[in-house]
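What follows is a short report on a single structure.
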Amino acid sequence: MINRFIIGAMLTVLLFTDVAAEADGPDYWRVTGVTDGDSLNIRAQPSARSAKVGEIPPNGNCIANRGCQGGLSFAEYSTLNPSEQAKRLKENPRWCRIKYQGLTGWVAGRYLAEGGCP
């Protein structure tokens, strides 16, 4: 009887509250692969042709993850050889929606690595 009550309560919580994360991957990113003196552009939309709305320095950290799109699927990563993966990434690059120092926008995912935020 108690088990049914607990299961019912758990289902109620799952059905009537927002418990799902908004983004896959880490909570925070850091910039990687951007040389000193350069910056990672923040774009209005997930495209290199989209308007630049800001930038992140090459040592940027504490970049909140708001979700990514594009990139390789697990099946593509698991089955394609490196040459085929590179071709697929050119066709479908990964873009990540981020928030950095109050600014929200999109950055090229290839310049992000798991980071932290104190």
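Coordinate-derived values only; no laboratory data. In this text the structure is predicted, and so the values were computed from the model without any measurement.
General remarks:
- Alpha-carbon Rg with Dmax, taken over the range 49-118, Å: 13.8, 40
- Amide H contacts of Leu40 (H built 1.01 Å from N, in plane; Pro and chain starts excluded): Ile56 sit under 5 Å, all sequence-distant by 5 or more or on other chains.
- Residues with amide H under 5 Å from that of Thr32, placed H, sequence gap 5 or more: Leu112, Ala113
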